[in-house]
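The values are calculated or read from the model by the stated rules, or taken from the named source; none is laboratory data. Just so it is clear, the model here is predicted, and its values are computed rather than measured. Neighbour counts run over all protein chains shown; Cβ positions are idealised from the backbone, glycine included. These area figures cover heavy atoms from the full protein model, side chains too; ligands, DNA and RNA do not enter into them. Shrake-Rupley method; radii C 1.70, N 1.55, O 1.52, S 1.80 Å.
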Protein chains: 2
Amino acid sequence: MSKYSIGIDLGGMSAKAGLVSKGLLTAVKKCATRAEDPASVTAAALCGLVEEIIAETGIPRAETVVGVGSPGTIDSASGTVVRWTNFHWENVPLGKMMEERLGVRVFVTNDANAAALGEAVYGGGKGCTDSVLITLGTGVGGGIIMNGELVEGARSAGGELGHMVIKTGGILCSCGRRGCFECYSSATALIRETRKAMKKHPESAMWSGVKSESEATGLTAFAAARKGDAAAKRVVSSYVKNLGEGVVNVVNILRPETVIIGGGVSNEGENLLEPLRKFVYERIYASKEYAPLSIVKAELGNDAGIYGAAELARRKAGKK
Amino acid sequence: MSKYSIGIDLGGMSAKAGLVSKGLLTAVKKCATRAEDPASVTAAALCGLVEEIIAETGIPRAETVVGVGSPGTIDSASGTVVRWTNFHWENVPLGKMMEERLGVRVFVTNDANAAALGEAVYGGGKGCTDSVLITLGTGVGGGIIMNGELVEGARSAGGELGHMVIKTGGILCSCGRRGCFECYSSATALIRETRKAMKKHPESAMWSGVKSESEATGLTAFAAARKGDAAAKRVVSSYVKNLGEGVVNVVNILRPETVIIGGGVSNEGENLLEPLRKFVYERIYASKEYAPLSIVKAELGNDAGIYGAAELARRKAGKK
């Protein structure tokens with residue numbers, strides 16, 4: 001039985017690892033990652049983080065397991081990074097490479113799924129059996145936990161919540177379809193609509209402190225809306241409505257107890273969540289009175305992936 | 001350990017029960033059901049079916065469990081029919097009522113979820129860990145099996161696949177939203193569009209054998225399209241496109257290995273499935289080459305609910 005579980009969040013600029021024990025993250029280590037490095041070098045760097053943690057904490061190697069949340073398409077059954085475009089990785093057997101070096105078992109999953117499991121168990125979904133994480137960043141990602149288990153789908157290809165069409169024939173998405181949730185609810189979409197509204201409304205408070213609309217961020221419209229700016233209010237209200245349509249869809253399909261909102265836009269907190277809750281609660285198929293539903297902000301920030309990767313490793317090691 | 005599992009499919013006109021043993025359905029019994037009967041009478045009738053099966057097959061009561069798939073909103077944890085509008089049922093503790101009479105354990109779930117589990121284990125999804133059943137009938141219903149388990153959501157309120165908006169601002173749905181999948185992909189929607197096209201095209205082959213457009217059914221457009229009728233072809237092609245958008249959404253979110261299409265419209269078989277597959281395979285986020293995906297017709301027809309209810313009872317009894 002493995003008693004100690006180390007989680008690693010692998011990213012395009014850096015990797016971060018830590019020991020998750022009794023719900024606490026300790027001995028956090030970090031290293032840089034580079035797209036130009038061969039996969040073996042990156043794998044070795046991750047193993048280095050694990051070795052540092054083992055050395056610092058003195059946990060017995062025989063009772064340790066490692067989980068990695070990685071970007072890209074992951075086949076978690078075999079621990080393979082099937083494709084990570086930014087790093088030009090194709091079929092990198094990351095789990096096996098690390099196991100050979102470390103002499104401990106290594107499990108790999110998609111970073112979004114790892115974050116969802118982390119939030120479900122240790123963050124916004126703590127105490128729930130069913131939760132969904134929706135991250136509003138460059139794109140819209142997410143992860144699903146139902147019956148207490150991560151729902152990854154065949155070859156871990158599920159959880160693509162952003163690629164659900166909510167407006168057939170709408171904006172062209174990077175996936176080739178038109179009208180995806182992501183085209184309306186990502187930070188990218190919010191910024192696009194903010195800039196459009198700024199062009200149209202030179203009098204808007206969205207211009208305060210910026211010289212060109214290209215300086216606008218995902219926070220611009222929310223900030224100006226708080227000041228009562230009409231154009232900004234329309235941008236926010238339209239954003240919340242589109243986000244709400246997608247959230248209601250996910251709730252009707254899965255009916256989690258908690259929807260956890262993460263990613264950059266979630267930093268707006270209650271400014272985002274309050275109108276979102278109102279929109280969602282009025283429209284879900286089974287009422288909130290029948291099946292309680294909460295909509296909360298992600299709690300673990302950038303550490304969600306470490307928590308989740310460690311949790312997944314602990315669970316998978318316990319099963320096999 | 002319960003060795004024998006009896007499944008019951010409760011409907012608004014009749015109830016059907018049978019013993020599911022080693023994947024085979026035997027000793028099928030049927031009785032009428034009436035909305036005007038008190039719930040206790042209906043529960044007693046269901047118990048009667050179970051008694052008949054026990055008497056006929058000689059299975060030991062102590063080793064028998066019963067599963068019921070019921071219409072309406074079900075709290076499967078407590079075996080309660082929370083609401084079944086057609087029968088004016090509110091908070092009927094069907095499971096407990098039957099347990100008291102029968103002296104065997106009774107588990108209750110939603111009929112659509114029961115059918116999804118039946119198809120997943122014994123029908124179109126046999127051998128798969130992850131499958132989704134989408135039924136195209138008066139509405140669009142469904143059920144989700146992931147990681148081999150039924151995904152019911154909080155208080156069994158999930159699986160409302162029909163109430164996923166695919167066209168924001170579109171046709172008004174019975175649920176109060178606009179543009180739900182169900183408004184475009186149910187048999188009802190297909191018939192609506194068929195009748196509209198008939199009115200517009202008096203020359204169409206959709207008129208063959210019918211005097212008024214009100215006689216058109218869900219099969220009318222498919223039949224005329226096979227004869228090469230242009231207006232009918234447009235109805236079918238638009239129906240498949242809308243159905244496809246919803247199916248791609250479900251696949252991107254959950255990535256099952258198999259999507260099982262059931263309900264009246266599924267009787268069109270390959271006439272429906274072939275163009276549907278083409279639409280879906282071209283649009284799903286992770287390619288079919290990466291994660292194989294099949295789209296098949298439901299195999300168990302009206303027996304899916306019995307199979308699934310029996311399977312659920314067998315599983316739940318094994319756990320507790």
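Points to keep in mind about this one:
- For B:LYS319, the criteria (1) surrounded by fewer than 23 Cβ atoms within 10 Å (Cβ to Cβ); (2) away from chain A (no Cβ under 14 Å); (3) not hydroxyl-bearing (Ser, Thr, Tyr) hold in every case but one, which is (2).
- Residue within segment A:252-263 that is in contact (Cβ under 8 Å) with a residue 12 or more places away in the chain and open to solvent by 50 Å² or more (accessible area, probe 1.4 Å) present: yes
- The set of residues in segment B:295-312 being more than 13 Å from B:ASN113 (Cβ to Cβ), in a helix (DSSP H, G or I) and at pLDDT 95 or above consists of B:ASP303, B:ILE306, B:ALA310.
- Unmet requirement for A:VAL235, which otherwise passes all of (1) surrounded by fewer than 17 Cβ atoms within 10 Å (Cβ to Cβ); (2) away from chain B (no Cβ under 11 Å); (3) at pLDDT 95 or above: (1)
- Among the residues making up segment B:160-178, none is part of a loop (DSSP other than H, G, I, E, B), more than 7 Å from every other protein chain (Cβ to nearest Cβ) and crowded, with 21+ Cβ neighbours inside 10 Å.
- Candidate set from segment A:186-209 (those that are open to solvent by less than 30 Å² (accessible area, probe 1.4 Å) and touching a Phe, Trp or Tyr at 6+ places or on another chain (Cβ under 7 Å)); member that is nearest to B:THR168 (Cα to Cα): A:LEU190
- Inside segment B:20-33, residues that are under 21 Å from the mean Cα position of the chain (by Cα) and part of a loop (DSSP other than H, G, I, E, B) make up a count of 2.
- When segment A:134-150 is filtered for residues that are open to solvent by less than 10 Å² (accessible area, probe 1.4 Å) and either within 11 Å of chain B (Cβ to nearest Cβ) or closer than 14 Å to A:ALA304 by Cα (or both), the ones remaining, listed by number, are A:ILE134, A:GLY142, A:GLY143, A:ILE144, A:ILE145, A:MET146.
- Any hit, segment B:288-305, residues being among the small types (Gly, Ala, Ser), free of Cβ contacts under 8 Å to residues at least 40 places away in the same chain and within 26 Å of A:GLY143 (Cα to Cα): yes
- When residues of segment B:16-52 are limited to those that are among the β-branched types (Val, Ile, Thr) and in contact with a Phe, Trp or Tyr (Cβ under 9 Å, 6 or more places away or on another chain), the one farthest from B:LEU300 (Cα to Cα): B:THR42
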